[in-house]
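Presented below is the structure to which this report refers.
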Amino acid sequence: MSSNLFRYKAEGCCDCGFRLPIVGRIHDTRFEVKGYIGGYRSVAALHMIRSILFLPGVTERAQIEAVMVKVLREGFIRELYNRLNRIESYLETVDHFAALTDQGIRAAAFRRYVESRVKQIRRKSRGIGETGRLLFAGTPPHRHV
């Protein structure tokens, strides 16, 4: 396993003077980690899947494990990172997992709730970017000097 060193002094020393117990050499090439494939990220993805399955009420270990095996076998885990970064694709992911566990009705209720909240937030936030400047509570909107 490797680590991503952002800043270090010669010989792998930290700013405080501590010498890191590094085995091997430090490479200059930066590596950007995206997605859920590899090491702890795959484990994090499986935890995320379990959390998503809890939304429509899936709590039985056998069902959770069956979905995880299917996700790993079919390569769905490769898409998961991007799918969870947008509301619509997140809800589609919840629907997908719910369908695998016959929990479509509960997932639909969750979807309706989230969509209603998103709609409410969008309605309340309309016009915020249109004022030309930020308004803070307690300050008058315009003061002509």
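The values are calculated or read from the model by the stated rules, or taken from the named source; none is laboratory data. The structure presented is a predicted model; accordingly, all values stated were derived computationally and were not measured. Neighbour counts are summed over all protein chains in view; Cβ atoms, including those assigned to glycine, are modelled from backbone coordinates with ideal geometry.
Among the residues of the stretch 104-145 satisfying the criterion of being of a type in the set (Lys, Arg) and part of a helix (DSSP H, G or I), which is modelled with the lowest pLDDT?
LYS124
Which of the residues that make up the stretch 34-70 are modelled with pLDDT under 90, assigned to a helix (DSSP H, G or I) and over 14 Å from the mean Cα position of the chain (by Cα)?
Answer for the stretch 34-70, where residues must be modelled with pLDDT under 90, assigned to a helix (DSSP H, G or I) and over 14 Å from the mean Cα position of the chain (by Cα): just TYR40.
List the pairs whose first member sits in the stretch 100-119 and is surrounded by 15 or more Cβ atoms within 10 Å (Cβ to Cβ), whose second member is among the polar types (S, T, N, Q), and whose Cβ atoms are under 6 Å apart, counting only residues at least 6 apart or on separate chains?
Here the result reads THR101/GLN63, each pair linking the stretch 100-119 to a residue that is among the polar types (S, T, N, Q).
Mind checking which residues of the stretch 5-24 are at pLDDT below 70 and basic (Lys, Arg)?
ARG7, LYS9
For the stretch 84-102, does any single residue satisfy the condition of being of a type in the set (Lys, Arg) and either touching a Lys or Arg at 6+ places or on another chain (Cβ under 8 Å) or under 18 Å from ARG50 (Cβ atoms) (or both)?
no
Any idea which of (1) of a type in the set (A, V, I, L, M, F, W, C); (2) within 19 Å of VAL114 (Cβ to Cβ); (3) modelled with pLDDT of 90 or more is the one LEU80 doesn't satisfy?
(3)
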